[in-house]
Structure formats: C-alpha cells, structure tokens
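The values are calculated or read from the model by the stated rules, or taken from the named source; none is laboratory data. Nothing here was measured: the structure is a model prediction, and the numbers come from that model. A quick note on method: Cβ atoms are made from the backbone with ideal geometry, for glycine too, and the neighbour counts reach across all protein chains shown.
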Amino acid sequence: MARNNDTFVPELWGSATIREVEERIPSISFSMEGDVFTPTGINQQKLWLHYNFLPVWDQPAPNKHHLPAYVFLTEALERCRTIQDVEAFLNETDRDSGMLLFAVDGKSNEFALFDCLCSKHFRREPPDSWIVGTNHYCTCEDLSLGDDEGSISTLNRFRRMEHLIQQLSASLAVPNLPADLITILADDQIERRGKEMFTVYANVACPSSGEMWYTFGGYPAASNGNWQKLDWPWKN
C-alpha cells in the first residue's frame, strides 16, 4: 500500500499518533500533531484505511446521519475489523463530501476501493493483483468535475501510476519495500509539486506484516521527505 497526501500548509503535517480509546479498536493515525481526526490510518486489527478527496454532485440523504470524510475514517478505524465492516458503515452513514476510500485488510490481504458520493458508494474490485486511484471516480464519473488542476490532471496521474505499477508487476512477484513504491510516489508525473498545494506527506505500508514507512518533514514529501520506518506498537 502506498499513498501521497496532497494539501496545503505542509509544516502542519507529518505526525503519527497512537490512539487507544476505551471500548474501541486502537489505531495509528497519520495527520497533524495532536489531531483528533485523520485521512490516513491503520488499526490494531491490521485494517488500513485512507481517502482521497473527490468532488460530488449530491447531498446527504435527508434525515440520515452523516459525517465529514475525516471523521468517518477515524470512526471506521476505531469500530471496523474488516472491509465488510467498513462497507456496512458506509451503508448506514452518509458523508458531507466525496471521497475515494482505500481499504486493506492485512489479516486476509483483501483490498478494495470505494468511490463515495455523499449518499451513495460504489465498490471497485481489483482488476488484477493491484488497484490504483487518484482524485476522480471510475464507477460513476463526471469528468467535468475534478481537482483544482482539472480532471485531465487527475486522469494523467492515474494513467501514469497504472503504467508504473504494471511495469513493476511484470518485473517482480513482490515489490521491494519500501523503495519500489517510494519511487512511484516520487515520480514527477505523480507527486504534487504546485506552488500552494503539494504532497505534504507520504506512506508505504504492508498491513499484513505491520511494516510502515512514513515521511516526516521535507517537501514535496515523497521525493524530499525524511522517510522513517515505524514500529508496530501492539502484540497481535
């Protein structure tokens, strides 16, 4: 699993927090220092979740409980043990924005993507032994909507990532972690290097083994960050 997180104010990002709330699943969140919520994390059950922003053209269903994406993800980390649990949580809880939700269950090596509008979601199964995603829908696309560089930018990143992953899959049965995936994250056609928004942190992880690598400081993060391996904090 590998991801870039692209946003503003890079100096606020780059912290890893272990959260253990009574009667909830302990989790690690990758976010801002002291942040309660997160766009990226893994829990003690080796369930990895992260999301990318997606534009939406709908609203949460009237009179139905809904959450911001970053609150949804934190809640999911603390209450879900499997991808099936995550999908059940998506069914019962709307969102107030769109998200491309990545889910990996390290216990079974199952993984999936969910294209999420506010009131609907679409599960995207892996077409092969891998799957990629950027900031657009693949199951219910409206390409007139996209990130602030336009839909062509997110599509170009998607196609470049697919090409690099295909090359890696053809040459190796198992990637050399974390180097091979860091190389892809740091590619000049994938890493965000804008004047205001750019890659503020990056992750590589193997949920099944509990191995995690993370960038602390240095921007853009994938190519210039201080990559560190983190210890798994629990005895599973």
Which condition breaks for Val200 when tested against (1) closer than 18 Å to Trp130 by Cβ; (2) of a type in the set (A, V, I, L, M); (3) in a strand (DSSP E or B)? (1)
Has the range 73-91 got any residue that is part of a loop (DSSP other than H, G, I, E, B), modelled with pLDDT of 95 or more and buried (at least 19 other Cβ atoms within 10 Å of the Cβ)? yes
How many residues are part of a loop (DSSP other than H, G, I, E, B), of a type in the set (Val, Ile, Thr) and in contact with a strand residue (DSSP E or B) (Cβ under 7 Å, 6 or more places away or on another chain) if we restrict to the range 31-72? 2
Restricting the range 94-141 to residues that are among the basic types (Lys, Arg) and out of contact with any His (no Cβ under 9 Å at 6 or more places or on another chain), the one farthest from Lys46 (Cα to Cα) turns out to be Lys120
In the set Leu100, Leu77, Leu73, the lone residue that is under 23 Å from Met197 (Cβ atoms) and touching a Gly at 6+ places or on another chain (Cβ under 6 Å) is Leu100
Scan the range 165-186 for residues that are under 19 Å from Asn224 (Cβ atoms) and hydrophobic (A, V, I, L, M, F, W, C) and report the count. 6
Does any residue in the range 80-96 that is touching a residue at least 40 places away in the same chain (Cβ under 8 Å) come within less than 9 Å, Cβ to Cβ, of a residue that is among the aromatic types (Phe, Trp, Tyr) six or more places away or on a different chain, and which pairs are these? Cys80/Phe89
Among residues belonging to the range 195-217 that are surrounded by fewer than 16 Cβ atoms within 10 Å (Cβ to Cβ) and within 21 Å of Arg157 (Cβ to Cβ), point out the one that is nearest to the chain's Cα centre (by Cα). Glu196
In the range 17-34, how many residues are surrounded by fewer than 20 Cβ atoms within 10 Å (Cβ to Cβ) and either in contact (Cβ under 8 Å) with a residue 60 or more places away in the chain or closer than 28 Å to Asp187 by Cβ (or both)? 3
Criterion (among the acidic types (Asp, Glu), under 20 Å from Tyr137 (Cα atoms) and out of contact with any Cys (no Cβ under 6 Å at 6 or more places or on another chain)) met by exactly one of Glu87, Glu75: Glu87
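Among the residues of the range 17-61, count how many are aromatic (Phe, Trp, Tyr) and either out of contact with any Ser or Thr (no Cβ under 9 Å at 6 or more places or on another chain) or more than 24 Å from Ser108 (Cα to Cα) (or both).
Residues flagged as aromatic (Phe, Trp, Tyr) and either out of contact with any Ser or Thr (no Cβ under 9 Å at 6 or more places or on another chain) or more than 24 Å from Ser108 (Cα to Cα) (or both) within the range 17-61 amount to 3.
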